[in-house]
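To start, the structure itself, in structure tokens.
The values are calculated or read from the model by the stated rules, or taken from the named source; none is laboratory data. The model shown is predicted, which means the values in this text are computed figures rather than measured ones. Because the Cβ atoms are built from the backbone with ideal geometry, glycine has one as well, and the counts that use them run over all protein chains shown.
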Amino acid sequence: MNDILCSAVASRGARMVGKIHYSHGVKAVAAFMHLRSAFPQWSEAFWHQVLRNAAWFEEPTVDQAVQVPELKVSVSYAKSLLSRAVVPAAYQAIREWVRLAGLEAIVLHYLPQACEEPENLGHRLSVLLSFLDASPIYQEGPDSLLFLDRFTEFLLACKFSLSPLNISTDSASLEQALLAAAQCPGFFAHHLIVLAWALRFKSLLGESLSASVYAWVVQCSKLSYENEADKVEINSAAASSVQNDSLQLALEDLLRYGKSNIHLITLADALTLLWKVADSEVRSNLLAVASHYRRP
């Protein structure tokens, strides 16, 4: 990457470690890159403000990759080490698996489980796909081992089964899922975020897995949440009217004045992608979602 800011963001993202479950640094890096491409008119000063507002510099980080003894393992043995959470050997298992088969093969191995059981806020799927999306940024670069270490930690935290699951027959369409998520986006609009990642990789998921994810989004949008932060309902009748520059203005406002959270970046990216496939009613809701996460 020739872009100095992008390089710095990518490097820090690979160093971010989990403080609750697993790090969202790499997913935010991928979203950051998509936004930089979508809105080249945004200034460097604006982007620095975005990073500060998204608490980018408050996330915990490590300085170096995990040191492990070299192990020559097969793909099947790597899967076994990860399923049993054998550390630090699991870190070397991922490095060897990537060397033997490539990162996409690992993502494809876990993808059916991630689609069938996206779990907490859809992270199993959205974070998994974000590692594949961001992999070209880190491939053979100075932060490649740090990137693979974060990937290892994510897979370990997800506790994926060694045995494949039977995929659910539940299904829904993209239109149904998008309408449901735009009305009930969930905590920090994670229903929209996971939907955007599924849409971005729809060719990789295929029809069956995509339909399963859409059904999961629809189901989650109907749940009764106890946490007030999850009880977000968007009324399209009260939403803003849609103009040609509505999305850009809404995102600029969200990124400057949104609630301080690393998910500001991933939410802005999700809104940008979903906007392209949304009708006028859903677009109105998406604008209202952006407004909802603005600080009072």
Scanning the range 256-282 residue by residue, those among the small types (Gly, Ala, Ser) and within 23 Å of GLU58 (Cα to Cα) turn out to be GLY258, SER260, ALA268, ALA270
Applying the selection to the range 65-81, what residues are without any contact (Cβ under 8 Å) to a residue 60 or more places away in the chain, closer than 25 Å to HIS24 by Cα and not aliphatic (A, V, I, L, M)?
GLN67
Do any residues in the range 251-274 that are under 22 Å from GLY122 (Cα atoms) have Cβ atoms under 8 Å from those of residues that are surrounded by 24 or more Cβ atoms within 10 Å (Cβ to Cβ) and among the aromatic types (Phe, Trp, Tyr), where the two are at least six apart or on different chains, and which pairs are they?
ILE265/PHE32; ASP269/PHE32; ALA270/TRP197
Kindly indicate whether any position in the range 79-96 is more than 26 Å from GLU140 (Cβ to Cβ) and of a type in the set (A, V, I, L, M).
yes
Considering GLN49, GLN41, which residue is in contact (Cβ under 8 Å) with a residue 60 or more places away in the chain and over 21 Å from the mean Cα position of the chain (by Cα)?
GLN49
Would you mention how many residues in the range 52-63 are surrounded by fewer than 19 Cβ atoms within 10 Å (Cβ to Cβ) and either over 17 Å from the mean Cα position of the chain (by Cα) or modelled with pLDDT of 95 or more (or both)?
7
Within the range 133-140, is there a residue that is out of contact with any strand residue (DSSP E or B) (no Cβ under 6 Å at 6 or more places or on another chain), within 18 Å of ALA14 (Cβ to Cβ), surrounded by fewer than 23 Cβ atoms within 10 Å (Cβ to Cβ) and touching a residue at least 60 places away in the same chain (Cβ under 8 Å)?
yes
Could you list, in sequence order, the residues of the range 241-284 that are farther than 24 Å from LYS27 by Cα, in a helix (DSSP H, G or I) and of a type outside the set (D, E, K, R)?
SER246, SER280, VAL282, SER284
Quick one: in the range 87-105, which of the residues that are among the aliphatic types (A, V, I, L, M) and touching a Leu at 6+ places or on another chain (Cβ under 8 Å) is surrounded by the most Cβ atoms within 10 Å (Cβ to Cβ)?
ALA93
Please enumerate the residues belonging to the range 92-149 that are farther than 19 Å from ALA78 by Cα and in contact with a Ser or Thr (Cβ under 7 Å, 6 or more places away or on another chain).
CYS115, GLU116, TYR138, ASP143
Which of the following residues is under 26 Å from PHE151 (Cβ atoms) and touching a Cys at 6+ places or on another chain (Cβ under 9 Å): MET16, MET33?
MET33
Here's a check for you: in the range 206-258, which residue that is among the aromatic types (Phe, Trp, Tyr) and closer than 27 Å to SER171 by Cα is modelled with the lowest pLDDT?
TYR225
Output for the range 1-27, where each listed residue is of a type in the set (A, V, I, L, M, F, W, C) and within 20 Å of ALA65 (Cβ to Cβ):
MET1, ALA8, VAL9, ALA10, ALA14, MET16, VAL17, VAL26
